[in-house]
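Enquirer: Got a structure for you, questions after.
The values are calculated or read from the model by the stated rules, or taken from the named source; none is laboratory data. Everything quoted here is computed from the prediction, not taken from an experiment. When we count neighbours, we look across all protein chains shown, and the Cβ atoms used for this are built from the backbone with ideal geometry, even at glycine. Note: areas computed on protein heavy atoms with side chains; ligands, DNA, RNA excluded. Shrake-Rupley method; radii C 1.70, N 1.55, O 1.52, S 1.80 Å.
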Amino acid sequence: MSSPGSGAFSTAPLPVALRHTTIRPGSAEVSAADTVAAHQATVETSSVAITSPSARALGRVRTSGVRPALIAVAHGSRDPRSAATMYAVVEQLAAARPDVDVRLAFLDLNAPSVDQVVDAIAAEGHSHAVVVPLLLGRAFHARVDLPGMLAAARTRHPRLRLTQADVLGPDPRLITALRDRVLDRLDSEFHSGAPSPVARTDAQSTHAAFDPVPRLGVAVAAVGSSSAAANARTAEVARHLAAITGWDTEICFATTEPSITEAQSRLRARGADQILVAPWFLAPGLLTDRLSAAAPDLAHAEVIGAHPALTDIACDRYHAATTTALTMSA
């Protein structure tokens with residue numbers, strides 16, 4: 001697979017079913033390479049052409065299975081690194097659930113859109129799909145945009161049952177993934193040739209067990225919202241990170257206050273000698289670039305991306321939605 005920042009993608013048919021082989025009822029398996037050869041196409045959106053980064057992630061699956069399809073819905077961005085990262089996330093999700101037809105869709109700016117994917121799975125004979133929002137919070141996209149899209153899709157396809165799962169949210173496993181990204185950066189930035197601090201997750205962890213030399217401060221950087229309540233909920237991420245590591249943490253936002261500069265000042269005032277930025281983002285893009293430009297002197301960890309914890313949570317959201325749907329229909 002091409003690296004997220006390379007911009008090199010193979011052309012793929014869309015909507016894309018992230019599977020290794022094509023299986024049609026009553027026919028033999030067809031390789032992903034044959035599928036690509038038969039359906040070469042590039043899908044262009046308002047300003048970005050997004051295609052699948054991996055031939056092995058192409059193909060279609062038999063639609064008559066008992067398990068609902070899984071439509072993983074990402075935000076979308078004009079930055080091609082974002083789409084590439086989400087393809088990697090969903091490819092990993094598809095590998096973890098080979099028994100489920102897994103698709104990727106975008107809310108905006110990239111293809112395939114939610115409408116395209118829903119129309120495709122309806123045309124292929126699916127009777128039920130679970131829509132898993134790959135979103136960190138229950139903001140406007142999760143509460144209004146996506147439900148509206150699914151309501152319209154139900155009108156178009158009355159025989160297709162669509163169930164919206166919960167968002168990823170500040171799941172403790174994502175906090176652990178954020179910690180891992182910090183540790184990865186510590187290995188390369190602050191502790192080359194020396195062991196990194198090992199974060200424990202038990203409640204008995206002490207501050208002294210984690211204090212690197214020099215003392216580390218972590219600025220957890222998120223998008224930011226016009227809602228003070230939403231920002232307060234996001235700030236809990238920084239507090240949870242501090243609780244499982246003992247590191248000094250401060251929250252900051254790309255689009256509102258406190259800024260990354262303010263977080264840096266607060267960490268310095270608390271005694272931090274080295275400051276690292278931990279992006280509370282699933283994928284890189286314009287906002288992570290803005291954060292980097294605002295603090296070019298600081299080390300920035302990678303985004304969460306295709307971390308195993310993200311796969312586990314998405315699978316759990318799918319399972320919970322499927323179970324709830326079955327219970328309600330019983």
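Enquirer: All but one of (1) assigned to a helix (DSSP H, G or I); (2) in contact (Cβ under 8 Å) with a residue 40 or more places away in the chain hold for residue 225, so report the exception by its number.
Expert: Of everything listed in (1) assigned to a helix (DSSP H, G or I); (2) in contact (Cβ under 8 Å) with a residue 40 or more places away in the chain, residue 225 misses just condition (1).
Enquirer: Okay, next question. For the stretch 221-237, give me the residue count where each residue is open to solvent by less than 20 Å² (accessible area, probe 1.4 Å) and closer than 16 Å to residue 173 by Cα.
Expert: 1
Enquirer: Please give the number of the condition residue 252 fails out of (1) open to solvent by less than 10 Å² (accessible area, probe 1.4 Å); (2) more than 21 Å from residue 135 (Cβ to Cβ).
Expert: Evaluating residue 252 over (1) open to solvent by less than 10 Å² (accessible area, probe 1.4 Å); (2) more than 21 Å from residue 135 (Cβ to Cβ) leaves (2) as the failure.
Enquirer: Hey, could you check the stretch 259-278 for residues that are open to solvent by less than 10 Å² (accessible area, probe 1.4 Å) and assigned to a strand (DSSP E or B) and say which is nearest to residue 178 (Cα to Cα)?
Expert: Going residue by residue through the stretch 259-278, those that are open to solvent by less than 10 Å² (accessible area, probe 1.4 Å) are 260, 263, 267, 272, 275-278.
From what's left, assigned to a strand (DSSP E or B): 275-278.
Values: 275: 15, 276: 12, 277: 11, 278: 7 Å.
In this case the residue turns out to be 278.
Enquirer: Looking for whichever is among the aliphatic types (A, V, I, L, M), in a loop (DSSP other than H, G, I, E, B) and either free of Cβ contacts under 8 Å to residues at least 40 places away in the same chain or within 28 Å of residue 78 (Cα to Cα) (or both) here; the options are 283, 242, 238, 309. Which one fits? Write out each step before concluding.
Expert: Values: 242 fails: in a loop (DSSP other than H, G, I, E, B); 238 fails: in a loop (DSSP other than H, G, I, E, B); 309 fails: in a loop (DSSP other than H, G, I, E, B).
When all the criteria are applied, what remains is 283.
Enquirer: Just give me the residues in the stretch 115-147 being surrounded by 22 or more Cβ atoms within 10 Å (Cβ to Cβ) and aliphatic (A, V, I, L, M), in sequence order.
Expert: 117, 118, 121, 129, 130, 131, 132, 134, 136
Enquirer: Let me ask another. Scan the stretch 289-330 residue by residue and report those that are over 19 Å from residue 169 (Cα atoms) and modelled with pLDDT under 95.
Expert: 323, 325, 326, 327, 328, 329, 330
Enquirer: What single numbered condition from (1) open to solvent by 10 Å² or more (accessible area, probe 1.4 Å); (2) more than 24 Å from residue 290 (Cβ to Cβ); (3) touching a strand residue (DSSP E or B) at 6+ places or on another chain (Cβ under 9 Å) fails to hold for residue 80?
Expert: It fails just one condition, (2).
Conditions tested, residue by residue: (1) surrounded by fewer than 18 Cβ atoms within 10 Å (Cβ to Cβ); (2) more than 21 Å from residue 293 (Cβ to Cβ); (3) modelled with pLDDT of 95 or more; (4) out of contact with any strand residue (DSSP E or B) (no Cβ under 8 Å at 6 or more places or on another chain).
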position	(1), (2), (3), (4)
175	no, yes, yes, yes
191	yes, yes, no, yes
198	yes, yes, no, yes
211	yes, yes, no, yes
214	yes, yes, no, no
239	yes, yes, yes, no
257	yes, no, yes, yes
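Enquirer: Every residue in the stretch 148-173 that is among the β-branched types (Val, Ile, Thr) and either part of a helix (DSSP H, G or I) or open to solvent by 40 Å² or more (accessible area, probe 1.4 Å) (or both), please.
Expert: Hit for the stretch 148-173 is 155, nothing else.
Enquirer: Go through (1) of a type outside the set (Phe, Trp, Tyr); (2) in a helix (DSSP H, G or I); (3) open to solvent by 10 Å² or more (accessible area, probe 1.4 Å) and name the single condition residue 94 misses.
Expert: (3)
Enquirer: Residue 293: on the phi < 0 side of the Ramachandran plot, of a type outside the set (Lys, Arg) and open to solvent by 20 Å² or more (accessible area, probe 1.4 Å), yes or no?
Expert: Considered against the rule, which asks whether it is on the phi < 0 side of the Ramachandran plot, of a type outside the set (Lys, Arg) and open to solvent by 20 Å² or more (accessible area, probe 1.4 Å), residue 293 comes out as yes.
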